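Heads up: the structure comes next, in structure tokens.
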Amino acid sequence: MTFHFEYEAGKKLEFDYESLIKKVILAVLDYEGCPYEAEVNIVLTDNEEIHKINREYRQIDSPTDVLSFPMIEYETPGDFSKIEEDMSVFHPETGELLLGDIMISVDKIIEQATEYGHSLERELGFLVAHSMLHLCGYDHIKENEREVMESKQKEIMKQISLYR
């Protein structure tokens, strides 16, 4: 597994966020049965920067907590069986599956942890799990999709003991 971290936020998280993020990513990939070693890029930023990206890519003029940029188009969410048909989704040197990018607002981690009354670790873990499910092809636009994602997020959070 290759993890690329960028920390652009002014506010600092006073815990080992990299280890937590890695733990959550590995838990999601294990839960989804991903048969490949993978590469994920993670950017921890602030509300101002994520607002710009949200406006540019989603035409939503406000900050959000997390953005996901999947590199793979799945026929069926979480189905890795046909991935090898498109070798462009594998790193040419390492052979790792290029899952995509995750961008998280540290400001939103702090705001939402306070709002929901749980730890910063739990909020970060939840946002990473949510984003990783997007990188595995899941979405929550339709009600049935939302229910599937919520169920998976809940199970993953339970498996890694990150509770509200």
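Taken together, the values in this text are just the output of simple stated rules run on the coordinates, not laboratory data. What you see is a predicted model; the values in this text were computed from it and never measured. Here the Cβ positions follow ideal geometry from the backbone for every residue, glycine too, while neighbour counts run over all protein chains shown.
Data table
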item: Test: residue in segment 6-26 that is touching a Cys at 6+ places or on another chain (Cβ under 7 Å) and surrounded by fewer than 18 Cβ atoms within 10 Å (Cβ to Cβ); result: no
item: Residue within segment 127-148 that is part of a loop (DSSP other than H, G, I, E, B), surrounded by fewer than 16 Cβ atoms within 10 Å (Cβ to Cβ), of a type in the set (Phe, Trp, Tyr) and touching a residue at least 24 places away in the same chain (Cβ under 8 Å) present; result: no
item: Among residues of segment 25-65, those that are closer than 30 Å to Gly95 by Cβ and not hydrophobic (A, V, I, L, M, F, W, C), counted; result: 11
item: Residue within segment 47-62 that is buried (at least 19 other Cβ atoms within 10 Å of the Cβ), over 18 Å from Leu133 (Cβ atoms) and free of Cβ contacts under 8 Å to residues at least 40 places away in the same chain present; result: yes
item: Qualifying residue in segment 97-110 (condition: buried (at least 17 other Cβ atoms within 10 Å of the Cβ), in a helix (DSSP H, G or I) and basic (Lys, Arg)); result: yes
item: Identity of the residue in segment 80-96, of a type in the set (Val, Ile, Thr) and touching a residue at least 24 places away in the same chain (Cβ under 8 Å), that ends up farthest from Cys34 (Cα to Cα); result: Thr94
item: Complete set of residues in segment 43-66 that are within 19 Å of Phe126 (Cα to Cα), of a type in the set (A, V, I, L, M) and out of contact with any helix residue (DSSP H, G or I) (no Cβ under 6 Å at 6 or more places or on another chain); result: Val43, Ile50
